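Each remark here refers to the structure printed beneath this line.
Derivation of every value follows stated rules applied to the coordinates shown; laboratory data play no part. Since this is a predicted model, take the numbers as computed values, not measurements. Methodologically, a virtual Cβ is constructed for each residue, glycine included, from the backbone with ideal geometry; neighbour enumeration extends over all protein chains shown.
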């Protein structure tokens, strides 16, 4: 028997076999045409690991791809803006397959800068100098997130960048 298409629809009705078949076909098409990013699990883990709500999420303002600076090394510069601080980082591919990150904070301050990786990889932490400059060298490629901790006694939230691919 054909379903009655003239009957009023109710969201309380359970899905029938036809509904499920349509949803399955739609899922297959979407997976083929617009698959989720391969690193989606890692991105979600990075966000869920932020257990402290007193954070200022920085937004990407601009990105510049410079290309090969020395030989085949690729360089990218990213600038993130938050209410309390601006974070600019330059990511340089090293010949050994790792990257170097040179960063600057504005306003400048001697603070702890953390580069978070998805678990189980450990975070890397450095101190910026009084002008806000910091360097993270020998960093593996992959997903990461920069966390800038406030200076001691500073009543400001941590600044967190969105996850970025190194």
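Run lengths n ≥ 4 of DSSP H only: what is the helix-derived mean residue ellipticity at 222 nm for the chain, with -39500 (n - 2.57) per run over all residues, to the nearest 500?
Result for the chain: -5000 deg cm²/dmol, rounded to the nearest 500.
When ranked by the protection proxy of mean other Cβ atoms within 10 Å per residue, highest first, what sequence do the peptides 79-92, 148-161 form?
79-92, 148-161
For residue 9 paired with residue 29, estimate the spin-label separation in nm (one decimal), with each label point 7 Å from Cα along the Cα-to-Cβ line.
1.6
Nearest 10 degrees, 0 to 90: what angle lies between the long axis of helix 17-33 and the longest principal axis of the chain (Cα atoms)?
That works out to roughly 30 degrees.
Of the listed peptides 19-27, 97-105, what is their order by residue-averaged count of other C-beta atoms within 10 Å, with the highest listed first?
Final packing ranking: 97-105, 19-27.
Sort 134-141, 120-127 by the packing proxy (mean of other Cβ within 10 Å over each peptide's residues), most packed first.
134-141, 120-127
When you have a sec, figure out the Kirkwood radius of the chain from all distinct Cα pair distances and drop it here in Å to one decimal?
Hydrodynamic radius (Kirkwood, Cα pairs) of the chain is 18.9 Å.
What spacing in nm lies between the two simple spin-label points modelled at residue 83 and residue 102, each 7 Å away from Cα in the Cβ direction?
That separation, rounded to one decimal, is 3.3 nm.
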